[in-house]
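Report on one structure; see the data block that follows.
Quick note: the coordinates plus some simple rules give every number you see, no bench work behind them. Here the structure is a predicted model, which means the values were calculated and not measured. Cβ placement follows ideal geometry from the backbone for every residue including glycine, while neighbour counts extend to all protein chains displayed.
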Amino acid sequence: MNEDRDQPERFLSLVTELQAKDPRLTSLQAALIVAAEVGIALDSRSFARLLGVAHALVLRELNALVATGGPLRIVKREARTLRSFYVIERP
């Protein structure tokens, strides 16, 4: 039961660590990467809903991250909802 309460803190800790390693990342970009790494969310709509962030903001940050050669790759987009599915690609 205590583990469930620690999960958000652990997630935020991983986001902070990632941002310390790469200060160019925004908080949302770092959170997208961490969420993909730990399997919390692998699509933009789920990520937005879980974190309580507007889907449009998530899409903007995801696209910016992909455009700059970040570790995420978009593998599918739904035309109607704009939901983007992504995978982590680490060397």
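Roughly what angle does helix 2-21 make with the longest principal axis of the chain, taking Cα atoms, 0 to 90 degrees, to the nearest 10? With rounding to tens, the tilt is 60 degrees. Here the contact order of the chain, divided by its residue count and restricted to Cα pairs under 8 Å and six or more residues apart, works out to 22 percent. Using the alpha-carbon positions of the chain, Rg (one decimal) and Dmax (whole number) come out as 12.9, 40 Å.
Couplings for segment 58-74, taken from phi via the Karplus curve 6.51 cos²θ - 1.76 cosθ + 1.60 with θ = phi - 60°, read 4, 4, 4, 5, 4, 5, 5, 5, 5, 5, 8, x, x, x, 9, 10, 7 Hz in order; Gly and Pro are left as x. Each other residue within a Cβ distance under 12 Å of His55 adds +1 if Lys or Arg and -1 if Asp or Glu, for a net charge of +1. Positive-end ranking of Gly52, Ala20, Thr81 along the dipole of segment 2-88, with charges on Cβ about the Cα centre, is headed by Thr81. Net charge of the neighbourhood of Ser44, taken over other residues with C-beta under 11 Å away and scored Lys/Arg +1, Asp/Glu -1, is +3. From helices alone, the chain scores -18500 deg cm²/dmol at 222 nm; the rule is -39500 (n - 2.57) for each run of n ≥ 4 DSSP H residues, then divide by the residue total. Only Lys, Arg, Asp and Glu carry charge here, each on its Cβ (+1 for the first two, -1 for the last two); on that basis the chain has a dipole of about 480 debye about its Cα centre. Counting only alpha carbon atoms, the long axis of helix 27-38 and the longest principal axis of the chain meet at about 80°. Listing Ser27, Ser84, Ser46 from fewest to most neighbouring C-beta atoms within 10 Å gives Ser27, Ser46, Ser84.
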